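Heads up, the thing below is written out as structure tokens.
Derivation of every value follows stated rules applied to the coordinates shown; laboratory data play no part. Not measured: the values here are computed from a predicted model. So basically every Cβ, Gly included, is an ideal-geometry build from the backbone, and we count neighbours across all protein chains shown.
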Amino acid sequence: MGKRILPNSTLLKWQSDCQKYTVRLSNACFLKIKKMAHAHYPNEVGTSLVGCYSDNGFEASVLDLAPLSPDSKGSRTSFYRGVAGLRKFFMKLRQTFSGKRHYVGEWHSHPDAPPFPSQTDDKNQLAIAKDTNTTCPECILILIGHTLSSVDEIGVFVYSRKRGRIPLAQIYQSQDTVDSPTSV
Ligand SMILES: [Zn+2]
């Protein structure tokens, strides 16, 4: 199968079986994730996700990554996402985009492992969804499983305050029907 070169503004799409939950990820973001994951191999790495939700809260667009906090710690099988500088980053983001871009979840890499949440991942992510201070009741987790010689696999999950973990599957669209921010 040939690789398609996607424009950076293209949004890749994932959806739950029930079709209620949709997550879109910009190709630019996907490339950033890939690049960081490979740069930190064989250790895990990750950051918070920046994006927006539809009015009903079930459709999310991931549009950017928060910076990697300097106090983050990654080993081969674990990752602690630091907090240094993040409060300031998200405050500034709110101001710049008049509240239209904000925190929507987390991503991290699974070197030499499938992009499936560990028990710790479930626990951390559910804690965020349930945290009323974060106000992210439908919190996204993106995992990238990869080896040194590439082969990237992406796992996308929504953690719902009410429903717990919901797996999403990638929806492949033909080039001419790929959603782009300008056509929405
Ligand atoms: Zn993990």
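A few notes on this one:
- Among VAL23, VAL156, VAL83, residue whose mean-square fluctuation peaks in a GNM of the chain (springs only between Cα atoms under 10 Å): VAL83
- For the range 35-100, radius of gyration divided by Kirkwood radius, i.e. Rg to Rh on alpha-carbons: 1.04
- Beta bridges assigned by DSSP with both partners in the range 11-183 are antiparallel in approximately 75 percent of cases.
- Legend: translational diffusion of the chain by Stokes-Einstein, Rh = Kirkwood radius over C-alpha pairs, 10 °C, 1.306 mPa s; D = 95 µm²/s.
- Estimated at 0.36 nm per residue, the fully extended path between ASP131 and LYS162 surpasses their Cα-Cα distance by 9.9 nm.
- Centroid-to-centroid separation of the range 143-173 and the range 16-49 [C-alpha atoms, Å]: 8 Å
- Seen from ASN43, the other residues with C-beta closer than 14 Å to its C-beta sum to a net charge of +1, counting Lys and Arg as +1 and Asp and Glu as -1.
- Over all other residues within a Cβ to Cβ distance under 15 Å of VAL158, the charged ones net out to +2, with Lys and Arg as +1 and Asp and Glu as -1.
- Note on THR120/GLN170: beta-carbon distance plugged into 1/(1 + (r/R0)^6) with R0 of 35 Å gives a FRET efficiency of 0.90.
- On the basis of the beta-carbon distance and an R0 of 45 Å, THR147 and GLN19 show a calculated FRET efficiency of 0.90.
- Residues MET36, MET91, sorted so that the one with the fewest Cβ neighbours within 10 Å comes first: MET91, MET36
- Selected from PRO117, VAL45, GLN95, residue furthest toward positive end of dipole (the chain; charges at beta carbon): GLN95
- Contour minus Cα-Cα distance for ASP71 and LYS34 (0.36 nm per residue): 11.2 nm
- Most mobile of PRO115, PRO70, PRO42 in a GNM of the chain (Cα contacts under 10 Å): PRO70
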